[in-house]
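Asker: One structure is given below, represented as structure tokens, and several questions about it will come after.
The values are calculated or read from the model by the stated rules, or taken from the named source; none is laboratory data. Predicted model, so just to flag it, every value in this text is computed and none were measured. Ideal geometry is used to build each Cβ from the backbone, glycine not excepted, and the neighbour counts take in all protein chains shown.
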Amino acid sequence: MNPDHIKNAIPLFIRVQLKESGASGAVIGLSGGIDSTVAAYLTAHAIGHENVLGILLPVRNLTPEQDTGDAIDIADRLGIEYRVIEIGGILQSFSGLIPDYDLGAAVSNGNLIARTRMCVLYYYANILNRIVIGTGNRTELLLGYATKYGDSGVDIEPLGDLYKTEVFELARYLGVPERIIEKPPSARLWAGQTDEGELGMRYQEIDRILRMLVDENLSSEEVAARGVPEDSVSRITDLIRTSEHKRHAPPRAGGKT
């Protein structure tokens with residue numbers, strides 16, 4: 001990866017997409033994590049800090065105060081306007097109104113958090129005539145490691161062609177604070193959740209396998225022959241296969257009656 005080239009190419013992409021959309025600016029969810037921080041840096045560079053609105057959507061008793069503080073610090077560094085909207089009350093409304101709501105269903109409840117955040121982001125985008133900037137990277141998109149109609153519900157994905165390890169590299173090039181770069185990646189959708197813990201592998205190993213499978217178009221057997229454990233290759237190929245629906249529009253039945 002050439003970070004100097006990427007630093008210019010992605011902002012150009014953002015400007016073109018914004019112009020084509022007819023929107024007047026951008027809305028981005030700020031989590032205090034590395035992906036949203038890098039996306040915010042590039043968006044502010046692309047269209048000017050005055051045209052970017054950061055939305056912080058913490059959940060009481062779940063989102064660490066450090067994350068909120070880091071997100072506010074990034075907004076201040078970039079000079080972008082921001083809002084802090086605690087969404088615990090919205091989630092409580094769901095839990096009180098859904099008859100079969102299960103407090104122990106961590107993944108389902110985590111997806112509900114992500115989809116609630118998407119709704120708030122689009123509310124602001126609609127009333128301000130702006131687009132929603134996605135913060136997903138190539139690794140997450142290939143693995144389907146995102147909530148459908150949640151954090152994947154965006155207008156553009158500026159980081160969509162960068163592997164997670166490349167996002168780390170770009171963050172250092174852009175001067176992102178080291179504490180954010182060193183923070184274990186987490187969507188904070190339930191207590192103790194981390195990306196690598198949930199995926200069962202470190203991003204360095206995941207990206208190595210993805211590059212061989214996707215960029216080099218090697219078979220699972222060829223990847224394993226390069227010394228990668230077969231169970232790791234199998235896990236990655238299964239995630240790519242089962243998440244295919246997240247990368248395409250919903251299928252339609254053929255034929256008219």
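Asker: State the number of residues belonging to the range 166-180 that are of a type in the set (A, V, I, L, M) and either over 17 Å from Arg211 (Cβ atoms) or more than 18 Å from the chain's Cα centre (by Cα) (or both).
Answerer: Residues flagged as of a type in the set (A, V, I, L, M) and either over 17 Å from Arg211 (Cβ atoms) or more than 18 Å from the chain's Cα centre (by Cα) (or both) within the range 166-180 amount to 4.
Asker: Further question on the same structure: Being in contact (Cβ under 8 Å) with a residue 24 or more places away in the chain, part of a helix (DSSP H, G or I) and under 17 Å from Leu189 (Cα atoms), is that true of even one residue in the range 43-56?
Answerer: no
Asker: In the set Leu239, Leu162, which member is at pLDDT 95 or above, closer than 30 Å to Thr116 by Cβ, in contact with a Leu (Cβ under 7 Å, 6 or more places away or on another chain) and part of a loop (DSSP other than H, G, I, E, B)?
Answerer: Numbers: Leu239 fails: part of a loop (DSSP other than H, G, I, E, B).
It is Leu162.
Asker: Are any residues in the range 137-188 under 21 Å from Asp70 (Cβ atoms), among the small types (Gly, Ala, Ser) and surrounded by fewer than 20 Cβ atoms within 10 Å (Cβ to Cβ), and if so, which ones?
Answerer: Once the filter is applied, which keeps residues that are under 21 Å from Asp70 (Cβ atoms), among the small types (Gly, Ala, Ser) and surrounded by fewer than 20 Cβ atoms within 10 Å (Cβ to Cβ), the range 137-188 yields Gly175, Ser186.
Asker: Could you please find all residues in the range 101-125 being among the small types (Gly, Ala, Ser), farther than 18 Å from Tyr145 by Cα and touching a residue at least 40 places away in the same chain (Cβ under 8 Å)?
Answerer: Matches in the range 101-125: Ala125 only.
Asker: Answer yes or no as to whether Pro64 is modelled with pLDDT of 95 or more and not small (Gly, Ala, Ser).
Answerer: In short, no.
Asker: Looking only at the range 170-223, count every residue that is modelled with pLDDT of 95 or more and of a type in the set (Gly, Ala, Ser) and tell me the total.
Answerer: The qualifying residues number 4.
Asker: Is it the case that some residue within the range 88-111 is surrounded by 18 or more Cβ atoms within 10 Å (Cβ to Cβ), of a type outside the set (A, V, I, L, M) and closer than 22 Å to Gly48 by Cα?
Answerer: There is no residue in the range 88-111 that is surrounded by 18 or more Cβ atoms within 10 Å (Cβ to Cβ), of a type outside the set (A, V, I, L, M) and closer than 22 Å to Gly48 by Cα.
Asker: Looking only at the range 57-75, count every residue that is β-branched (Val, Ile, Thr) and not in a helix (DSSP H, G or I) and tell me the total.
Answerer: 2
Asker: Regarding Leu57, is this residue touching a Lys or Arg at 6+ places or on another chain (Cβ under 6 Å) and surrounded by 23 or more Cβ atoms within 10 Å (Cβ to Cβ)?
Answerer: yes
Asker: Out of all the residues in the range 168-189, which are under 20 Å from Asp151 (Cα atoms) and either touching a Gly at 6+ places or on another chain (Cβ under 6 Å) or not in a helix (DSSP H, G or I) (or both)?
Answerer: Lys183, Pro184, Pro185, Ser186, Ala187, Arg188, Leu189, listed by residue number.
Asker: Scanning for something in contact with a helix residue (DSSP H, G or I) (Cβ under 8 Å, 6 or more places away or on another chain), in a helix (DSSP H, G or I), in the same structural domain as Glu169 (by TED's automatic domain parsing) and buried (at least 22 other Cβ atoms within 10 Å of the Cβ), does the range 15-29 turn up at least one residue?
Answerer: Yes - at least one qualifying residue is present in the range 15-29.
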